[in-house]
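Please read the structure below before turning to the comments.
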Amino acid sequence: ADTKFQLIALDIDGTLRDETGRVTTFMKDILSECQDRGAILVAATGRTRISAMNYLMELPMIELLASFQGSLITRCTTDEFLWSTYMCSDQINRALDYLEEKEIEKVAYSGDQVYVEKMTDWAHSYGLRTGVNIIEVDDLRSVQENVFRILAVGGAEEIKRIEREMKNRFSSSLYATRSLPHFCEILNRDAGKDKALQWLCEFYGINSNAVVSFGNGFNDVEMLKWSGLGVAIEGGETPALEAADDIALAVNKDGVGRYLEQLICDERIGR
């Protein structure tokens, strides 16, 4: 018989959530149905914990959150931290040294706080948009506690080059990924959505073959490849579409919901 999917991993932006940010009743019903059938629902996102939690308020059936590209796993109902992987001083300094000469803005994420060296227009609007508190410091190297990631923000070409170079030079010590064309994120090498899912599978005693994941971005590639069934979203980034086993309808057509509805009809969701 076909594998039943026991764990459903969902990227948020561009996968579950479209530009309008609304959540349809259809999507809520389908996700609830998956939960009723015994599947575990996980949101796997590059968002900060706070920003992701704000969005998930409307989706109580998603019990687990892997935020900061999978660096932190929280149980949504209790806010309990299950697993986390922070950057050590050496990784932080190495990343900042490398970015020193680049034409970019740098941001450090520590706990629920966000740090910058200059409060630029971009930093200001980013704070307003994401609802996070942004703190100005003289040198990001002074931020060493509980650092999840360093973000580089710049032109699409420069960011693409930085990601490629970091992957080549630092793959043994750092994990680099583009979350958006203008964002390159640098994290502990144990971070990544696939690593968070791997941890959850061990925690729950689930085989990776029983994981179905949905994603649309550069930062979903590893997760889509790693999962038993990786589903990209129509209109997603080319690397995601190439890494996936299948493609769901676009985000504004409730692609994830339609795809899960089909899996439910085929009796392929649940324990």
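Taking the listed residues 26, 81, 68, the one that is surrounded by 17 or more Cβ atoms within 10 Å (Cβ to Cβ) and aromatic (Phe, Trp, Tyr) is 68, with no other qualifying. Residues considered: 40, 135. Of these, the only one that is assigned by TED's automatic domain parsing to the domain that holds residue 223, at pLDDT 95 or above and farther than 21 Å from residue 166 by Cα is 40.
Evaluation of residue 122 against the conditions (1) surrounded by 16 or more Cβ atoms within 10 Å (Cβ to Cβ); (2) over 25 Å from residue 200 (Cβ atoms) shows that the sole unmet condition is (1). Quickly run through segment 6-31 and pick out the residues that are in contact with a Leu (Cβ under 9 Å, 6 or more places away or on another chain) and within 14 Å of residue 260 (Cα to Cα). Within segment 6-31, 7, 8, 9, 10, 16, 27, 28, 30, 31 qualify. The requirement of being among the hydroxyl-bearing types (Ser, Thr, Tyr) and surrounded by fewer than 19 Cβ atoms within 10 Å (Cβ to Cβ) is fulfilled nowhere in segment 12-19; no residue meets it.
What number of residues within segment 211-234 are without any contact (Cβ under 8 Å) to a residue 60 or more places away in the chain and more than 16 Å from residue 8 (Cβ to Cβ)? So the count comes out to 5. Checking each residue in segment 168-190 for being surrounded by fewer than 14 Cβ atoms within 10 Å (Cβ to Cβ) and assigned to a helix (DSSP H, G or I) picks out 168, 169.
Taking residue 163, is it assigned to a helix (DSSP H, G or I), farther than 22 Å from residue 38 by Cα and either of a type in the set (Asp, Glu) or in contact (Cβ under 8 Å) with a residue 60 or more places away in the chain (or both)?
Values: assigned to a helix (DSSP H, G or I): yes; farther than 22 Å from residue 38 by Cα: yes; either of a type in the set (Asp, Glu) or in contact (Cβ under 8 Å) with a residue 60 or more places away in the chain (or both): yes.
Judged against the criteria, residue 163 is a match.
Taken together, the residues in segment 118-132 that are within 22 Å of residue 163 (Cβ to Cβ) and assigned to a loop (DSSP other than H, G, I, E, B) amount to 1. Note on segment 89-131: residues that are on the phi > 0 side of the Ramachandran plot and touching a residue at least 40 places away in the same chain (Cβ under 8 Å) amount to 1. Residues considered: 271, 258. Of these, the only one that is of a type in the set (Lys, Arg), part of a loop (DSSP other than H, G, I, E, B) and not assigned by TED's automatic domain parsing to the domain that holds residue 156 is 271. A single member of 16, 65, 96 is under 22 Å from residue 199 (Cα atoms) and either outside the structural domain of residue 120 (by TED's automatic domain parsing) or modelled with pLDDT of 95 or more (or both), and it is 65. A search for C-beta distances below 6 Å between a residue of segment 194-210 that is under 16 Å from residue 2 (Cα atoms) and any residue that is of a type in the set (S, T, N, Q) and at pLDDT below 95, counting only pairs 6+ apart in sequence or on different chains, returns 209/3; 210/3.
In summary, residue 129 fulfils each of the numbered conditions (1) within 23 Å of residue 12 (Cβ to Cβ); (2) surrounded by 13 or more Cβ atoms within 10 Å (Cβ to Cβ) with the single exception of condition (2).
The values are calculated or read from the model by the stated rules, or taken from the named source; none is laboratory data. In this text, all values refer to a predicted model and were calculated from it rather than measured experimentally. Positions of Cβ are backbone-derived with ideal geometry, glycine not excepted, and every protein chain shown enters the neighbour counts.
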